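Asker: One structure, pasted below without further comment.
The values are calculated or read from the model by the stated rules, or taken from the named source; none is laboratory data. Keep in mind the model is a prediction, meaning the values are calculated, not measured. For neighbour counting, all protein chains shown are included, and Cβ atoms are generated from backbone atoms with ideal geometry for every residue, glycine included. The protein model used for the area step is the full one, side chains on, heavy atoms only, and it has no ligands, DNA or RNA in it. Shrake-Rupley method; radii C 1.70, N 1.55, O 1.52, S 1.80 Å.
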Amino acid sequence: MKSDTYSKVSACVLAGGLSTRFPYNKIYLKVNNEFIIEKILKTTEKVVDDVFVIGSIPFRTNYPVYNDPIDFAGPIGGILGALHYAANDSVFCFACDMPFITLKKIEMMLEEYNKAKCDVLMPKHEIGIEPLHAIYSKKCLSVIEDQINEGEYAIHKFLDQVNVCYYKTSADDPAFRNINTQEDYRSLLYYSYDQ
């Protein structure tokens, strides 16, 4: 159920990129006969009022779709676009190839973000960070713009210039699994995960 707690957070699925390690655009990927991107949008819509896509979708959707503002910048360009188009003060960004995001995990992170009062809430586990399952404040906009203008596109580079809180999790958490290769996709098709 939607809550006033989340009223200042939008949600965005990043659907740009070239899918260089995958033979076709990952926005076409399905799990349980549903486009992964649609599953993410429907899940986030249960708790967040402002839900949209950055990138392009060659099929009909009921959600707003905005062009990636900088084609060559990669995911950080998508995050910049998400912050620009978000109707609220912050935006929860998701990659379009994460089939096992859960409502419970989203709610837990939104609650943590609300309590933490930081510019970024970033999941962190024993392998690294999850910048494409994270919440960003619009306070990051100018910092990201400056970094892109300097020709630096690595997301982690701007994190030391903003107030980041880390959401401790495990690399084994299915919510953070994504699809980079055909082998990943085949394994996920046979993976059973109960939300």
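Asker: For the range 140-157, enumerate the residues that are over 15 Å from Asp71 (Cα atoms) and without any contact (Cβ under 8 Å) to a residue 24 or more places away in the chain.
Answerer: Scanning the range 140-157 gives Ser142, Val143, Asp146, Glu150, Lys157.
Asker: Run down Lys139, Lys104, Lys157 and say which single residue is within 19 Å of Ile37 (Cα to Cα), open to solvent by 60 Å² or more (accessible area, probe 1.4 Å) and among the basic types (Lys, Arg). Let's see the steps before the verdict.
Answerer: Details: Lys139 fails: within 19 Å of Ile37 (Cα to Cα); Lys157 fails: within 19 Å of Ile37 (Cα to Cα).
Checking each option against the conditions leaves just Lys104.
Asker: Give the residue that is surrounded by the fewest Cβ atoms within 10 Å (Cβ to Cβ), with candidates limited to residues of the range 63-100 that are at pLDDT below 90 and aromatic (Phe, Trp, Tyr). So that I can check it myself, show each step before the final result.
Answerer: Step one: filter the range 63-100 for residues at pLDDT below 90, giving 67-75, 96-100.
Cutting the leftovers down to aromatic (Phe, Trp, Tyr) gives us 72, 100.
Values: Phe72: 9, Phe100: 18.
Among those that are at pLDDT below 90 and aromatic (Phe, Trp, Tyr), it is Phe72.
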